[in-house]
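The values are calculated or read from the model by the stated rules, or taken from the named source; none is laboratory data. Quantities reported herein were computed from a predicted structural model and do not represent experimental measurements. Because the Cβ atoms are built from the backbone with ideal geometry, glycine has one as well, and the counts that use them run over all protein chains shown. Remember, those area values only see protein heavy atoms, side chains included, never the ligands or the DNA or RNA. Shrake-Rupley method; radii C 1.70, N 1.55, O 1.52, S 1.80 Å.
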Amino acid sequence: MLNKKNKRIYLSPPHMSGEEQKYIQDAFHSNWIAPLGPNVDAFEKELANKVRVNEAVALSSGTAAIHLALSLLGVEKGDTVFCSTLTFVASANPILYQGAEPVFIDSEPETWNMSPQALERALLDASINGKLPKAIIVVNLYGQSAKMDEITALCSEYHVPIIEDAAESLGSSYKGKPSGSLGNFGIYSFNGNKIITTSGGGMLVSNHQEALKKARFLATQARDRAIHYQHSVLGYNYRMSNILAGVGRAQLEVLQDRVEARRKIFSRYSNELGDLPGIQFMPELEKTISNRWLTALTINEEEAGITVQKLLENLAEENIEARPVWKPLHMQPLFKQCSYYPHSESGSVSEALFRTGICLPSGSNLTDEDQLRVIDRIKHSIKIKV
Ligand SMILES: *Cc1c(COP(=O)(O)O)cnc(C)c1O
């Protein structure tokens, strides 16, 4: 039964800073509603500076950014692209948009991200079969960076370019480098649930400025230089509006605060719940800083005395939104034909994480009081051993 007395606690709701209106006003004042405009230019420069890359292109979504990155890397029908399996479907959908074939790579236990071990086997097989992937998409799950050194070393050995899907990890770092800046291309998302939001939007970043020039061209219907409307290649309508870029500029100003707030929420959960039987929090790899976009943990059902399913139900009764971790893409009906490389012969790490993992409300605007409601409900659920 739903407890109506308690207001709903969301997983990761938008958190406005209050300064967004200022940039929106500027746009209205100058009537620069469209196309593109000064907020877009400034948002791109400010984000590029923040993540220390040469250039950034503001787009309508993170998915669009991945799609353009694949297109820039020449991914076509019949090609293969390797992709992390434990992620949101948006990481891999653009592979299908290009008519290419995804090959999914398992997670490893220390980051929950792409297993270098599985990647190595997949690359070796691909090279033996004479069909190396055109690109690999590495996801930084819930803010945690993948093992980029190991992955980069393998990819350089086989000359395969990397797209870093940093949709969830803006503000995180790997060995001092901003997350999203470590691949040939990086992508961010400003969807409503992400660490900062433009209500909907994305960014493609890279140090290859020529490639990003082409991304701008492709994202604006690939219009050739001519007075009449002339088109030689297929383009898209993928740019961000000047109004939304204004929201993004104000959000970017508070990114560091948002990271600190989410990390604090993680610490409190882990301090309060870390000693409960059968509970294990998502690790943070040495020399990386995760933005802890979502606090994730696994539950050993036998030790905790409760199933993931039951715990989710208990939280739902309290009007608390919690979620299982992403269902691995190789388990999705959409991708059932695709190849998959598990971490080791003895088992699939992502499948185990999917069976045992849950994500807790982690919004940077979650109040202490609301977080306590979540904590109390979990403590109660585990103590009463259903
Ligand atoms: C949110 C997300 C995306 C897609 O971003 P949109 O802006 O919603 O298109 C891609 N990859 C991951 C891992 C995400 O979490």
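For the range 26-48, which residues satisfy the criterion of being under 29 Å from LEU366 (Cβ atoms) and open to solvent by 30 Å² or more (accessible area, probe 1.4 Å)?
GLU46
Residues SER107, SER91, SER84: which one is of a type outside the set (Val, Ile, Thr), under 30 Å from ALA250 (Cα atoms) and within 14 Å of the ligand (Cβ to nearest atom)?
Only one candidate qualifies: SER91.
In the range 155-168, how many residues are outside any loop (DSSP other than H, G, I, E, B), crowded, with 19+ Cβ neighbours inside 10 Å and more than 10 Å from the ligand (Cβ to nearest atom)?
Residues in the range 155-168 being outside any loop (DSSP other than H, G, I, E, B), crowded, with 19+ Cβ neighbours inside 10 Å and more than 10 Å from the ligand (Cβ to nearest atom): 4 in total.
Regarding LEU96, is this residue open to solvent by 40 Å² or more (accessible area, probe 1.4 Å), within 15 Å of the ligand (Cβ to nearest atom) and in contact with a strand residue (DSSP E or B) (Cβ under 8 Å, 6 or more places away or on another chain)?
So LEU96 fits the description; yes.
Could you go through the range 181-197 and let me know if any residue there is within 22 Å of the chain's Cα centre (by Cα), closer than 20 Å to ASN49 by Cα and assigned to a helix (DSSP H, G or I).
There is no residue in the range 181-197 that is within 22 Å of the chain's Cα centre (by Cα), closer than 20 Å to ASN49 by Cα and assigned to a helix (DSSP H, G or I).
The conditions are (1) hydroxyl-bearing (Ser, Thr, Tyr); (2) open to solvent by 20 Å² or more (accessible area, probe 1.4 Å); (3) within 13 Å of the ligand (Cβ to nearest atom), and SER189 fails exactly one of them. Which is it?
Condition not satisfied by SER189: (2).
Of the conditions (1) in contact with a strand residue (DSSP E or B) (Cβ under 9 Å, 6 or more places away or on another chain); (2) touching a residue at least 60 places away in the same chain (Cβ under 8 Å); (3) open to solvent by less than 30 Å² (accessible area, probe 1.4 Å), ASN242 fails just one. Which one is it?
(1)
Having 2 or more residues that are more than 16 Å from the ligand (Cβ to nearest atom) is the bar; report the helices (runs of 4 or more DSSP H) wholly within the range 16-80 that clear it.
Helices (runs of 4 or more DSSP H) meeting the threshold: 20-29, 38-50.
A quick yes/no check of all residues on (1) part of a helix (DSSP H, G or I); (2) open to solvent by 30 Å² or more (accessible area, probe 1.4 Å):
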site: SER232; (1), (2): no, yes
site: ASP257; (1), (2): yes, yes
site: SER270; (1), (2): yes, yes
site: TRP293; (1), (2): no, no
site: THR298; (1), (2): no, no
site: ILE306; (1), (2): no, no
site: LYS327; (1), (2): no, yes
site: LEU334; (1), (2): yes, yes
site: GLN337; (1), (2): no, yes
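So how many residues does the range 101-145 have that are open to solvent by less than 10 Å² (accessible area, probe 1.4 Å), small (Gly, Ala, Ser) and either more than 18 Å from TYR340 (Cβ to Cβ) or outside any helix (DSSP H, G or I) (or both)?
Looking only at that region, the number is 5.
Kindly evaluate VAL205 against the criterion of being touching a residue at least 40 places away in the same chain (Cβ under 8 Å) and closer than 28 Å to ASP79 by Cβ.
Yes; evaluated as a whole, the condition is true for this residue.
Failed condition for LEU218, given (1) open to solvent by 60 Å² or more (accessible area, probe 1.4 Å); (2) over 14 Å from the mean Cα position of the chain (by Cα), with all others met?
(1)
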